[in-house]
Amino acid sequence: MDGEELKEGLLNLSNAELTDKIARLKKSLSGSIGARLPDGGEKLRANIKLHEDELEWRKRLGSDQGEAVVLVDEGDPDAIKVTERVDQVVERKATKIYYPSRADPESVEICCSDMESLAPEAYLSSTIMNCYIRYLQKTKPHADVDEYHFFNTYFYQKLKDAVLSKVISSLRENFFMQAQQIYFGTQNEKEASFVRLRRWWKGVNIFEKAYIFLPIHEDLHWSLIIICIPDKEDQLGPILLHLDSLGLHCSKSLFATIRKFLVQEWKFLRQGEGPALPISDKIWENLPRRIDENIIQVPQQRNEYDCGLFVLFFMERFIDEVHRRLKKKDFTMFGRRWFKPEEASCLRIKIRRILEEEFKNASEE
């Protein structure tokens with residue numbers, strides 16, 4: 001990003017937003033992100049200084065960028081333009097759209113203010129992440145409901161809370177009996193953690209899907225888990241893939257949570273007569289011992305803020321290249337040269353153009 005773009009980005013931030021961004025950048029630098037960057041965090045430190053200098057300058061000036069203060073003669077036409085521009089921005093931020101449409105039951109509500117996370121060097125928000133995930137579902141011909149399932153960015157934390165709770169972690173073979181005694185109270189009690197959690201995939205049999213995408217957000221960083229269900233003839237259980245553009249998240253911890261999720265869902269489905277699955281009976285009966293875990297080598301981001309873009313690009317690239325259930329030989333497509341890092345980083349511009357067009361169409365309507 002050149003100097004003019006950086007200057008424009010800083011001017012668009014209020015004092016509170018600027019302070020918050022400095023805190024987030026410092027947290028990234030003091031944590032594991034800075035040390036894992038190619039330059040050891042040098043650009044990140046320089047970026048922090050630029051933001052701190054801007055905030056210090058504003059304090060000396062004694063005015064907040066959020067206020068419409070004009071430091072020119074009242075008769076100056078430029079002063080009128082500035083005031084008008086501020087009013088227009090405020091009016092535009094009140095506008096919102098629903099992607100792909102308001103009628104869609106899984107639509108994502110997007111406000112103009114959400115577009116700020118698509119500014120240069122900004123971290124992608126969950127709203128923008130979920131919007132592009134919905135875009136992939138609508139535009140990729142083979143990302144249909146029969147092959148893929150996409151969880152949104154809010155699911156993993158709910159999953160983690162439920163799977164790691166006392167009740168869920170203490171369940172054994174007599175899952176329902178223990179749950180009713182410890183937590184349910186009665187058979188009609190519907191507030192049990194796992195029962196509530198299952199609403200996130202209501203009507204969907206996870207084990208019928210070829211792929212389940214699960215974005216992870218922890219410690220100011222995004223990574224991706226893909227759950228793969230191979231063909232029945234391959235005699236393989238579920239395969240877990242972890243894709244991380246900084247190698248920051250603990251794969252072991254993520255795998256443990258996802259494994260518990262699959263095992264609990266397996267126990268739930270075994271309570272009744274389930275539908276035919278693309279998993280052999282032998283594998284199904286021993287599924288908890290047949291879950292495979294794989295840390296995938298992927299291209300690495302060259303800054304501290306593109307992790308969300310990389311997760312979205314991982315999904316898109318995977319959908320484009322894998323048109324059947326995963327086989328062991330497909331692992332060869334991964335690696336540090338799977339794609340050029342700048343391809344993922346450029347997704348920021350693509351998403352912004354898509355949403356600007358959506359806002360334009362909404363305004364015309």
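The values are calculated or read from the model by the stated rules, or taken from the named source; none is laboratory data. Note that this is a predicted model, so its numbers are computed, not measured. Cβ coordinates were reconstructed from backbone atoms using ideal geometry, including for glycine residues, and neighbour counts include every protein chain displayed. The protein model used for the area step is the full one, side chains on, heavy atoms only, and it has no ligands, DNA or RNA in it. Shrake-Rupley method; radii C 1.70, N 1.55, O 1.52, S 1.80 Å.
Laid out as a table, the results:
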quantity	calculated
Charge context of I226, other residues only, Cβ under 13 angstrom, K/R +1, D/E -1	-4
Cα-centred dipole magnitude for the range 198-247, charges only on beta-carbon of K, R (+1) and D, E (-1), debye, nearest 20	380 debye
Potential extension, R45-E364 segment - 0.36 nm per residue separation minus Cα distance	110.5 nm
17 Å cut-off, amide nitrogen to a point 7 angstrom out along T332 Cα→Cβ, residues in the range 283-311	297
Pairs beyond 29 Å (Cα-Cα), from K27/K59; K27/K260; K21/K350; K21/K96; K209/K329; K202/K360	K27/K260; K202/K360
Cα centroid separation - the range 253-297 against the range 302-362, whole Å	27 Å
Difference of contour (0.36 nm per residue) and Cα-Cα distance, S101 to H323	77.2 nm
Accessible area of the range 212-318 divided out per residue, in Å², using a probe of 1.4 angstrom	36 Å²
Cα gyration tensor category, rounded, prolate or oblate, for the range 288-365 with a/c compared to 1.5	prolate
Net lengthening on full extension, R24/D219 (0.36 nm per residue, minus Cα-Cα)	69.2 nm
Shape category assigned to the range 219-365 from the gyration tensor of Cα positions, a/c cut at 1.5	prolate
Two-site FRET efficiency, E17 against R259, from Cβ-Cβ distance with R₀ of 56 Å, rounded to 0.05	0.90
Apportionment of accessible area to carbon and sulfur, the range 247-365, percent (1.4 Å)	47 percent
Rounded to the nearest 10 Å², the accessible area of H323 at probe 1.4 Å	120 Å²
Separation of the Q157 and S280 label points, Cα + 7 Å toward Cβ, nm	4.2 nm
